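Take a look at the structure set out below.
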Amino acid sequence: MEHDTTQWAFELEDISFAWDRDEVLSVERLQLSRGERLFLGGPSGSGKSSMLSLLSGVETPQRGQVDILGTRLNSLTSSMRDQFRADHIGYIFQMFNLVPYLSVVENVCLPLKFSKTRAARVDSATAEAERLLTQLGMGDHIQRSVFELSVGQQQRVAAARALIGSPELILADEPTSALDKESAQQFIELLFTECNKAKTSLVLVSHDQDLKQHFETCYLLGGQSA
Ligand SMILES: Nc1ncnc2c1ncn2[C@@H]1O[C@H](COP(=O)(O)OP(=O)(O)OP(=O)(O)O)[C@@H](O)[C@H]1O
Ligand SMILES: [Mg+2]
């Protein structure tokens, strides 16, 4: 398959994107090699979350090409893009999007129900969910309801859910925003360890400029300079 041979996790070219009339994103060229990490920064409202919507194929640009793992997302139908995302992308949303009536462990196992590709990489869904949750310091909360959790704990459940089944690309939207500095540092290290294991590429959105130094590539929106 094409996405198994390309060196790029993603390539953006000549992108223009607007939610309505005003252009929110304009990107001449941006690419990330497989297995590498990109820090995506910029002020509030500069288009960071919008950029992740394009990289995940939730939205498509009005102009330009979005290629993920060698697949041109613009050429897929909306339902094909949904399946592509389920198979290849772990998305940690800014608002987590956890399912409130499911337990912690059920939330983490959810992506395996939507993707045979990811399910095939895991022997036991529950055991792998528990391993990831334990790595992320959530081992004592596995059977709890997600609505009982603190915001920082919900972020870690969202991270475990994104990582399960080793998708090739992780998109993380402010995953450390609710954590203190030390927990944020620990969380980032664990995220990197899990990504390195499977040569997963990572795009991480953050306001915390201190994190930038740990990334191969940095892209700042809204006129900030790297
Ligand atoms: N679903 C949407 N519909 C319409 N406009 C939107 C939508 N999401 C974002 N926007 C607009 O697009 C612009 C960029 O928003 P975006 O959420 O991408 O910024 P951001 O950099 O992620 O900000 P923050 O740091 O506050 O999360 C803003 O002007 C916002 O109002
Ligand atoms: Mg945002």
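The values are calculated or read from the model by the stated rules, or taken from the named source; none is laboratory data. Owing to the predicted nature of the structure, the values given are computational and were not obtained by experimental measurement. Cβ: placed from backbone, ideal geometry, glycine included. Neighbour counts: every protein chain shown.
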Can you tell me how many residues in region 186-222 are more than 15 Å from ligand 1 (Cβ to nearest atom), small (Gly, Ala, Ser) and out of contact with any strand residue (DSSP E or B) (no Cβ under 8 Å at 6 or more places or on another chain)?
1
Test: residue in region 83-98 that is part of a helix (DSSP H, G or I), within 27 Å of Ser177 (Cβ to Cβ), free of Cβ contacts under 8 Å to residues at least 12 places away in the same chain and not β-branched (Val, Ile, Thr):
no
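Only residues that are within 16 Å of ligand 1 (Cβ to nearest atom) and not polar (S, T, N, Q): list them for region 169-183, please.
Step one: of region 169-183, the residues within 16 Å of ligand 1 (Cβ to nearest atom) are 171-178.
If the condition is that a residue be within 16 Å of ligand 1 (Cβ to nearest atom) and not polar (S, T, N, Q), then Leu171, Ala172, Asp173, Glu174, Pro175, Ala178 are the ones that fit.
Out of Leu163, Leu221, I need the residue that is within 16 Å of ligand 2 (Cβ to nearest atom), at pLDDT 90 or above and out of contact with any His (no Cβ under 8 Å at 6 or more places or on another chain). Which one?
Values: Leu163 fails: within 16 Å of ligand 2 (Cβ to nearest atom).
It is Leu221.
State which residue is surrounded by the fewest Cβ atoms within 10 Å (Cβ to Cβ) when the search covers only region 66-78 and only residues that are under 25 Å from Val24 (Cβ atoms) and either touching a Leu at 6+ places or on another chain (Cβ under 6 Å) or in contact (Cβ under 8 Å) with a residue 12 or more places away in the chain (or both).
Of all residues in region 66-78, those under 25 Å from Val24 (Cβ atoms) come to 66-69, 71-78.
Pick out the ones that are also either touching a Leu at 6+ places or on another chain (Cβ under 6 Å) or in contact (Cβ under 8 Å) with a residue 12 or more places away in the chain (or both) and you get 66-69, 71, 73-74, 76.
On the way: Val66: 24, Asp67: 20, Ile68: 27, Leu69: 23, Thr71: 20, Leu73: 22, Asn74: 13, Leu76: 16.
So the residue we want is Asn74.
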Of all residues in region 18-59 being in a strand (DSSP E or B) and touching a helix residue (DSSP H, G or I) at 6+ places or on another chain (Cβ under 6 Å), which is surrounded by the fewest Cβ atoms within 10 Å (Cβ to Cβ)?
Val24
In the set Arg118, Arg131, the lone residue that is free of Cβ contacts under 8 Å to residues at least 24 places away in the same chain and among the basic types (Lys, Arg) is Arg131
Scan of region 119-155 for residues that are in contact with a Ser or Thr (Cβ under 9 Å, 6 or more places away or on another chain) and basic (Lys, Arg), ordered by number
Arg121, Arg144
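Rundown of residues vs (1) away from ligand 2 (no atom under 16 Å from the Cβ); (2) at pLDDT 95 or above; (3) over 23 Å from Ile89 (Cβ atoms), yes/no style:
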{"site": "Asp123", "(1), (2), (3)": "yes, yes, no"}
{"site": "Glu128", "(1), (2), (3)": "yes, yes, no"}
{"site": "Glu174", "(1), (2), (3)": "no, no, no"}
{"site": "Asp180", "(1), (2), (3)": "yes, no, yes"}
{"site": "Cys195", "(1), (2), (3)": "yes, no, no"}
{"site": "Val203", "(1), (2), (3)": "no, yes, no"}
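Answer with yes or no whether Phe10 is within 16 Å of ligand 2 (Cβ to nearest atom), in a strand (DSSP E or B) and buried (at least 21 other Cβ atoms within 10 Å of the Cβ).
no
Would you check if Phe187 is out of contact with any Asp or Glu (no Cβ under 8 Å at 6 or more places or on another chain), in contact (Cβ under 8 Å) with a residue 12 or more places away in the chain and surrounded by fewer than 17 Cβ atoms within 10 Å (Cβ to Cβ)? Walk me through how you get there before you give the answer.
Values: out of contact with any Asp or Glu (no Cβ under 8 Å at 6 or more places or on another chain): yes; in contact (Cβ under 8 Å) with a residue 12 or more places away in the chain: yes; surrounded by fewer than 17 Cβ atoms within 10 Å (Cβ to Cβ): no.
It is false that Phe187 is out of contact with any Asp or Glu (no Cβ under 8 Å at 6 or more places or on another chain), in contact (Cβ under 8 Å) with a residue 12 or more places away in the chain and surrounded by fewer than 17 Cβ atoms within 10 Å (Cβ to Cβ).
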Working carefully through the options Arg63, Arg81, find the one that is surrounded by fewer than 16 Cβ atoms within 10 Å (Cβ to Cβ), away from ligand 2 (no atom under 13 Å from the Cβ) and basic (Lys, Arg).
Arg63
